[in-house]
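Quick note: the coordinates plus some simple rules give every number you see, no bench work behind them. As the structure is a prediction and not an experimental result, all values here were calculated from the model. Every residue, glycine among them, receives a Cβ derived from its backbone with ideal geometry; neighbour counts consider all protein chains shown.
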Amino acid sequence: MTTAEPAPDSKCPVAHGDSAVPLSGPRFHTDPHQVYREMRRDHGPVVPVELPGGVPAWLVIGYRELHQVTGDAELFPRDVSLWNQWPNIPEDWPLLPMVGRPMPSIYFTAGEAHRRHAELVGPALESVDPFELRRACEELSDRLVDSFCGSGEAELLADFAKPLPVLALARIIGFPDAEGARLAEVLGELADGGAGAQAAYLEFVDHMHRLVKAKRAEPGADIISWLLAHGAGFTEEELAFDAKDVTAAGFLTTADWIGNSIRLMLTDDRFAAALGGGRHSVGQAMNEVLWEDTPTQILAGRWAARDTVLSGRRIRAGDMLLLGLAGANADPLIHHGPSSYENGNSAHFAYSFGEYRCPFAAQEIAEIIARTGIEVLLDRLPDLDLAVPVKTLVRRPSAFLRGMTAIPVRFTPVPALGGQP
């Protein structure tokens, strides 16, 4: 409990020194489950970690503890302005775009300010017609499959899993299809937190500001136009940042959900029926991915509003707590193998929890895009198979997001249905 006395050896993360776990390195994308098991063994459910540049934080990997942190928005708000490490953060810190700065948007505000944005963005997402979105995703998926179905081979991440969410979001957010490829590159670079993350972030923000101005002049049937029409009292800057948050949260996570699900179905005999069009198996695979291989592994973050204690750890006011979504999903207190999530159990942390969790309408949009795309792909190419040994598949080098770098496949060539992607 947060009111308990700390353990004698509890320390502020700035004093962890050699005991902190570096939150980087290849093992986070080659064998993250083993990394989390070792963390739990050595540190318990709340782990002292060190981000690139020697920046300290706490990683919460206990299911119960993560539920406590995400469920208490007063003690652990998503208020980055509270961070006690700001004096030590350089302007070019590569994770800064992911951690964020205080800004007027749904993701980077807390308390009443957050609720003000949520009360606008939530209905905007709910305005998306799920039946129309599914129809659009079927059309887009067919167009993408048409572009490679006659060749007998494809790289599914670049040819399908990434462009589909971009094109689908283009329809509902409001940006042109022609800009999708570049936007996908920018968001991928931003999410990986590498040397180009800062430049990618600035390009992305500039794109959204220009799009809001364009929709102000010429509105359409899209979310940005809806925000402009219903956002009385909101500035164009606020709406641009809200659109940025929605797009960033929806693109790469959905692409990785598609990619990780396809990988599972192509490498696990339990899902062989899906390759013949078995819809139940598709849903099972997608749900298993959210438990075992969730696209968002670690989420930044929460910041302690005051000194407190969490699972025996002394948390100082302003300490950053990283949400270990994948680690909590694997907590042995609740995870007992496939039986833990069979029959549609969705008590995972893939969408976080509490006041700041992913809005339900956004979850529905992501599921429609991902499931429709996978179903169309398997219907069109029923003998789809990996073109390389599974052990050669490579994950993207990120502790925060989990996805493939490529999924080469082969199949019997089939005729295109018509149209151009």
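Some notes on this structure:
- ³J(HN,Hα), Karplus 6.51/-1.76/1.60, whole Hz, each residue of region 167-184, x for Gly, Pro: 5, 5, 5, 4, 5, 9, 7, x, 8, x, 4, 5, 8, x, 4, 5, 4, 4
- Scalar couplings 3J(HN,Hα) for region 214-228, obtained by applying the Karplus form with A = 6.51, B = -1.76, C = 1.60 to θ = phi - 60°, are 5, 6, 4, 6, 9, x, x, 8, 8, 5, 4, 4, 5, 4, 5 Hz; x denotes Gly and Pro.
- Between ASP307 and VAL390, the FRET efficiency from the beta-carbon distance, with R0 = 41 Å, is close to 0.30.
- Rounded if a/c under 1.5, otherwise prolate or oblate - region 353-421, Cα gyration tensor axes: oblate
- Cα gyration tensor shape of region 122-214, rounded if a/c is under 1.5, else prolate or oblate by comparing a/b with b/c: oblate
- For region 274-393, the C-alpha radius of gyration sits at 1.34 times the compact-globule guess of 2.2 N^0.38 Å, with N the residue count.
- From least to most packed, judged by other beta carbons within 10 angstrom and beginning with the fewest, CYS149, CYS137, CYS358 follow the order CYS358, CYS149, CYS137.
- Separation of the ALA113 and ALA158 label points, Cα + 7 Å toward Cβ, nm: 4.2
- The phi torsions of region 298-306, fed into the Karplus equation with coefficients 6.51, -1.76 and 1.60 and a -60° offset, translate into couplings of 9, 10, 9, x, 10, 10, 5, 6, 7 Hz, rounded to whole numbers, with Gly and Pro shown as x.
- FRET efficiency, 1/(1 + (r/R0)^6) with R0 60 Å, evaluated for ARG41 and LYS213 via beta carbons: 0.65
- Between ILE315 and THR308, VAL309, LEU310, the built amide H atoms are under 5 Å apart, and every one of these is 5 or more places off in sequence or on another chain.
- Kirkwood-based shape ratio for region 224-321, expressed as Rg/Rh from alpha carbons: 1.18
- Whether region 178-251 is rounded, prolate or oblate, judged on the alpha carbon gyration tensor where a/c under 1.5 counts as rounded: prolate
- Ranked list, fewest to most other Cβ atoms within 10 Å of each Cβ, for VAL47, VAL186, VAL414: VAL414, VAL186, VAL47
- Cut-off 10 Å between beta-carbons: net charge of the residues surrounding HIS209, Lys and Arg +1, Asp and Glu -1: 0
- A Förster radius of 25 Å combined with the Cβ-Cβ distance from LEU417 to GLU132 puts the calculated FRET efficiency at roughly 0.80.
- Likely footprinting exposure, PHE28, PHE241, fewest C-beta neighbours within 10 Å first: PHE28, PHE241
- nm² value of the averaged projected area, convex hull over the Cα atoms of the chain: 19.7
- Computed with the Debye formula from one identical point scatterer per Cα of region 14-136, without solvent, the log10 of I(q)/I(0) at q = 0.16, 0.19, 0.23 Å⁻¹ comes to -1.00, -1.18, -1.34.
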